[in-house]
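A short write-up of the structure that comes next.
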Amino acid sequence: MSDAAGLLTRVARGDRAALHALYQLQSVRLFGVAMAILRDRDAAADALHDGFVKIARNAAQFDPARGAAEAWLGSVIRHAALDIARRRGREIPTDDAALGDTPVDAAQLDALATGEEQARLRECLARLPEKNRQGILLAFVHGLSHPQVAARLELPLGTVKAWIRRGLLALRECLA
């Protein structure tokens, strides 16, 4: 069990010191997840705060048998950032490639999984056709909605949805 998984177990029992330790351990990485989606420091800080409130309330929902604690934490923060983005009703583009305005390669998913899971995820992503991989990365790493992915790729929405769906099915099959 990873440090984060152990801390989440303690947080689920109401241990505030464990929540603080979890924040110290994961906040920098999770802030990066929020920044990749929101591209605004203040909004990313809000997403991190909202996410940790949800983590404190819902830590008991984490199941180590279903995946890594780091991935679960990333998902909570990603959803908090997407909620803020939806409330804003717009995307803030920038020319900074480090903030996600250009497609990324599978190697940048390293922060989402560790060890063996990381290698399997990279291998499965590499097997996907470029169109499917690109759609999945834009949607799930950068947090773009399907219409935003379609606009970014200059393709019809239905095409993008189909590519992402097929890619996710192939990814699930490969990881199973």
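Remarks
- The set of residues from the range 46-77 being in contact with a helix residue (DSSP H, G or I) (Cβ under 7 Å, 6 or more places away or on another chain), open to solvent by less than 60 Å² (accessible area, probe 1.4 Å) and closer than 23 Å to residue 145 by Cβ comprises 47, 48, 50, 51, 71, 73, 74, 76, 77.
- With respect to the stated conditions, residue 8 is open to solvent by less than 70 Å² (accessible area, probe 1.4 Å), over 19 Å from residue 143 (Cβ atoms) and at pLDDT 85 or above.
- Close Cβ contacts (under 7 Å, 6 or more residues apart or on different chains) running from residues in the range 120-143 that are touching a residue at least 60 places away in the same chain (Cβ under 8 Å) and not assigned by TED's automatic domain parsing to the domain that holds residue 76 to residues that are assigned to a helix (DSSP H, G or I) and of a type in the set (Val, Ile, Thr) comprise 142/37; 143/37.
- Some residue of the range 15-36 being open to solvent by less than 20 Å² (accessible area, probe 1.4 Å), in a helix (DSSP H, G or I) and of a type in the set (Val, Ile, Thr): no
- The lone exception for residue 120 - which of (1) modelled with pLDDT under 85; (2) out of contact with any Leu (no Cβ under 8 Å at 6 or more places or on another chain); (3) surrounded by fewer than 16 Cβ atoms within 10 Å (Cβ to Cβ); (4) not polar (S, T, N, Q) it fails: (2)
- Conditions (1) open to solvent by less than 40 Å² (accessible area, probe 1.4 Å); (2) in a helix (DSSP H, G or I); (3) closer than 24 Å to residue 83 by Cα: number failed by residue 143: (2)
The values are calculated or read from the model by the stated rules, or taken from the named source; none is laboratory data. As the structure is a computational prediction, the values presented were derived from the model and not from experiment. Virtual Cβ from ideal backbone geometry, glycine too; neighbours counted across all protein chains shown. These area figures cover heavy atoms from the full protein model, side chains too; ligands, DNA and RNA do not enter into them. Shrake-Rupley method; radii C 1.70, N 1.55, O 1.52, S 1.80 Å.
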